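A quick write-up on the structure given underneath.
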Amino acid sequence: MTNLKTQIAELLHNQIPSLTIENIFEILEVPANTQMGDYAFPCFKLAKEFKKAPPLIAKEIVDNFPTSEFVDKIENVNAYINIYLNKSWLVEQILSPILTEKENYGFDNSKSKGNIVIDFSSPNIAKPFHIGHLRSTVIGNSLYKIFEALGYNCHGVNHLGDWGTQFGKLMVAYKNYSSKEIIEEKGIEELLRIYVKFHEEAKLNPELDDEARSYFTKMEKGDEEALELWKWFKEISLNEFERVYKILDVTFDSYNGEAFYNDKMTPVIEELEAKNLIEISEGAKLVRLEEDNMPPCLITKNDGSTLYATRDITAAKYRYDTYNFEKSIYVTALQQNLHFAQVFKVVDKMGYPWANKMVHVPFGMVSGEGGQSLSTRNGNILFLEDILTEAIEKTKSIIEEKNPTLQNKDEVARQVGVGAIIFNDMYNSIIKDVIFSWEQVLNFEGETGPNVQYAHARACSVLRQANLTTPYEKIDFSLLNDEASINLAKELGKFKSVIRLAGQKFEPSFIARYAVDVAQAFNKFYHDNTILVENASLKEARLNMVLATKYTLKNALYLLGIKSPEQM
Ligand code: ARG
């Protein structure tokens with residue numbers, strides 16, 4: 001309702017010229033109770049300037065308020081000015097732009113606001129792709145779409161964990177416990193098996209660790225045999241990750257992972273030295289961060305090898321040079337809070353003013369009911385695929401039961417099953433832990449993805465039954481004057497400001513909650529009003545409301561990375 005709100009702010013500005021329209025816009029509230037008006041303006045901040053008690057100021061402004069075609073009533077309650085809008089004007093003001101923008105409602109497709117880099121998913125090669133990576137994938141994908149909708153040009157980066165001592169371990173494990181044939185047959189499952197076995201064996205025989213380290217050093221020095229193996233392990237893992245990305249319909253603009261920075265770190269380390277930020281401690285190089293209440297950031301170990309942070313500092317710089325970003329976002333579990341705080345601080349100490357454009361977006365854990373960990377069952381990617389496949393199968397049997405004649409059952413089951421999982425991950429503030437329960441995830445009636453999708457499908461079905469003939473310019477919106485219609489219109493009108501807020505707070509859950517609100521308002525509207533009535537003007541007005549709802553629901557789901565089947 002941005003537009004509306006601006007118009008109200010302008011009206012008030014005539015009365016309070018000392019505040020800018022933007023200021024007034026910020027102060028204007030939407031009362032939780034509609035009995036208190038559509039907007040409320042608290043006068044507390046004006047006391048100083050007007051040298052009067054706030055309730056008196058409110059009264060004065062109300063008394064002098066000019067009549068306006070779109071304000072029905074204005075009154076003061078204590079220090080508040082309550083504004084009641086003209087309802088048919090309101091509905092028209094909201095629905096017209098939606099019906100003009102159609103499929104684009106809510107989206108600024110200009111890509112004109114600058115570049116945003118979003119580092120998300122970023123699993124580790126030959127290590128488990130765990131449920132945390134799934135969270136990063138769906139949250140990152142949603143933030144990508146939210147910022148695109150806000151007019152930014154987004155670049156999704158999958159910062160693969162494809163470098164580090166784990167590869168040395170894997171090489172030793174491969175030589176000792178596996179073979180080319182078995183790995184070719186079993187893929188990542190076998191890589192995980194031997195990786196786990198390596199850890200067990202190394203506990204008894206620590207020399208294995210030395211051997212692994214020397215293999216990694218070989219890799220860092222460019223040894224051909226070691227790099228050959230590394231490439232092979234990486235391909236095997238990537239193939240399996242791709243399967244999950246395909247199910248989720250997530251893509252990336254870059255797969256430059258940690259290995260990509262291997263040859264770019266030396267100049268950065270030299271720069272840190274030249275800027276006197278490096279201290280040598282027992283042969284290791286580190287940046288002290290005591291002043292900032294953090295432990296030191298390790299840059300190289302005493303054997304000269306680099307670390308996760310070294311690669312992230314290098315990547316930060318590379319990304320700024322490459323994308324000239326407005327923001328560079330990292331989506332990971334909150335366990336990495338310290339890591340990113342350290343990396344951002346080091347970049348800041350290097351004197352880069354863009355250090356404050358880097359943002360870590362942390363999220364909480366996912367656990368099963370009763371708190372058990374979900375990543376155990378081998379802790380592997382197959383488990384993830386299992387969850388997605390199971391969601392699809394369960395959805396299919398629900399559809400078989402509720403709507404056995406539906407066409408494209410498989411595709412719809414896929415869209416709904418996967419959508420349910422995604423939605424569940426983002427319905428609450430992402431910093432919160434998520435409890436995973438099938439009952440909750442696939443509940444078609446609760447505050448769930450399927451429920452929102454169902455409202456959308458219902459809107460589509462109404463629109464299929466009737467032929468919309470009147471263009472919205474000719475619609476008499478004053479006919480939509482019942483409470484449910486007005487409430488639905490108001491919900492629909494909030495979409496843009498919800499997207500803006502979701503972007504400001506890096507919080508896809510705002511979109512998820514909003515989608516539920518719209519679905520509920522629509523269900524109420526649908527329950528209270530017969531849509532296919534005799535009276536043609538009324539029918540057309542209601543159908544246009546349904547159409548506007550359909551666009552809004554579809555676009556909100558899109559921002560979450562969820563599909564909107566037309567029938568289910
Ligand atoms: N690979 C890391 C992990 O699985 C996440 C990487 C996040 N991105 C980054 N630039 N550090 O924990």
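The values are calculated or read from the model by the stated rules, or taken from the named source; none is laboratory data. Everything numeric here is computed off the predicted structure, so don't read it as measured data. Here the Cβ positions follow ideal geometry from the backbone for every residue, glycine too, while neighbour counts run over all protein chains shown. What goes into the accessible areas is simple: the full protein's heavy atoms, side chains included, and nothing from ligands, DNA or RNA. Shrake-Rupley method; radii C 1.70, N 1.55, O 1.52, S 1.80 Å.
When segment 286-297 is limited to residues that are in a loop (DSSP other than H, G, I, E, B) and either touching a residue at least 40 places away in the same chain (Cβ under 8 Å) or touching a Phe, Trp or Tyr at 6+ places or on another chain (Cβ under 9 Å) (or both), the one that is most open to solvent (accessible area, probe 1.4 Å) turns out to be Pro295. Within segment 312-331, restricting attention to residues that are open to solvent by 30 Å² or more (accessible area, probe 1.4 Å) and of a type in the set (S, T, N, Q), the residue that is farthest from the ligand (Cβ to nearest atom) is Asn324. Is it the case that some residue within segment 259-282 is open to solvent by 50 Å² or more (accessible area, probe 1.4 Å), within 16 Å of the ligand (Cβ to nearest atom) and closer than 29 Å to Cys154 by Cα? Within segment 259-282, one or more residues are open to solvent by 50 Å² or more (accessible area, probe 1.4 Å), within 16 Å of the ligand (Cβ to nearest atom) and closer than 29 Å to Cys154 by Cα. Applying the condition of being touching a residue at least 60 places away in the same chain (Cβ under 8 Å) and assigned to a helix (DSSP H, G or I) to segment 332-359 and asking which residue is farthest from the ligand (Cβ to nearest atom) yields Lys349.
Among the residues of segment 456-473, which ones are assigned to a helix (DSSP H, G or I) and surrounded by fewer than 23 Cβ atoms within 10 Å (Cβ to Cβ)? Write out each step before concluding.
Narrowing segment 456-473 to residues assigned to a helix (DSSP H, G or I): 456-465, 472-473.
The answer is Ala457, Arg458, Cys460, Ser461, Val462, Leu463, Arg464, Gln465, Tyr472, Glu473.
Being surrounded by fewer than 18 Cβ atoms within 10 Å (Cβ to Cβ) and within 26 Å of the chain's Cα centre (by Cα), is that true of even one residue in segment 113-133? Yes; the residues of segment 113-133 include at least one that is surrounded by fewer than 18 Cβ atoms within 10 Å (Cβ to Cβ) and within 26 Å of the chain's Cα centre (by Cα). One residue stands out in segment 298-311 among those that are open to solvent by less than 60 Å² (accessible area, probe 1.4 Å) and within 29 Å of the chain's Cα centre (by Cα): the one that is nearest to Glu258 (Cα to Cα), namely Arg311.
Considering segment 107-124 alone, what residues qualify as being more than 9 Å from the ligand (Cβ to nearest atom) and assigned to a loop (DSSP other than H, G, I, E, B)?
Let us first name the residues in segment 107-124 that are more than 9 Å from the ligand (Cβ to nearest atom), namely 107-118.
If the condition is that a residue be more than 9 Å from the ligand (Cβ to nearest atom) and assigned to a loop (DSSP other than H, G, I, E, B), then Phe107, Asn109, Ser110, Lys111, Ser112, Lys113, Gly114 are the ones that fit.
Residue check: Leu170 meets all listed conditions (1) assigned to a helix (DSSP H, G or I); (2) open to solvent by less than 10 Å² (accessible area, probe 1.4 Å); (3) near the ligand (Cβ under 10 Å from one of its atoms) but one, namely (3). Right, Gly222: open to solvent by less than 30 Å² (accessible area, probe 1.4 Å) and more than 16 Å from Lys345 (Cα to Cα) or not? Against the criterion (open to solvent by less than 30 Å² (accessible area, probe 1.4 Å) and more than 16 Å from Lys345 (Cα to Cα)), Gly222 does not qualify.
Based on what the data block shows, is Ala79 buried (at least 16 other Cβ atoms within 10 Å of the Cβ) and more than 14 Å from the ligand (Cβ to nearest atom)?
On the way: buried (at least 16 other Cβ atoms within 10 Å of the Cβ): yes; more than 14 Å from the ligand (Cβ to nearest atom): yes.
Spelling it out, Ala79 is indeed buried (at least 16 other Cβ atoms within 10 Å of the Cβ) and more than 14 Å from the ligand (Cβ to nearest atom).
May I ask you to list the residues in segment 421-451 that are hydrophobic (A, V, I, L, M, F, W, C) and over 19 Å from Asn141 (Cα atoms)? Ile435, Phe436, Trp438, Val441, Leu442, Phe444 - these are the residues of segment 421-451 that are hydrophobic (A, V, I, L, M, F, W, C) and over 19 Å from Asn141 (Cα atoms). Criterion applied to Lys59, Lys102 was being on the phi > 0 side of the Ramachandran plot, of a type outside the set (S, T, N, Q) and part of a helix (DSSP H, G or I), and the one residue passing it is Lys102. Identification of helices (runs of 4 or more DSSP H) wholly contained in segment 474-568 with 1 or more residues that are open to solvent by 70 Å² or more (accessible area, probe 1.4 Å) and touching a residue at least 60 places away in the same chain (Cβ under 8 Å) yields 495-505, 509-528, 536-560.
For segment 125-139, the set of residues classified as modelled with pLDDT of 85 or more and more than 10 Å from the ligand (Cβ to nearest atom) consists of Leu134, Arg135, Thr137, Val138, Ile139, listed by residue number. Within segment 387-428, the set of residues being open to solvent by less than 70 Å² (accessible area, probe 1.4 Å), assigned to a loop (DSSP other than H, G, I, E, B) and either within 15 Å of Gln453 (Cβ to Cβ) or in contact with a Phe, Trp or Tyr (Cβ under 9 Å, 6 or more places away or on another chain) (or both) comprises Asn403, Leu406, Tyr427.
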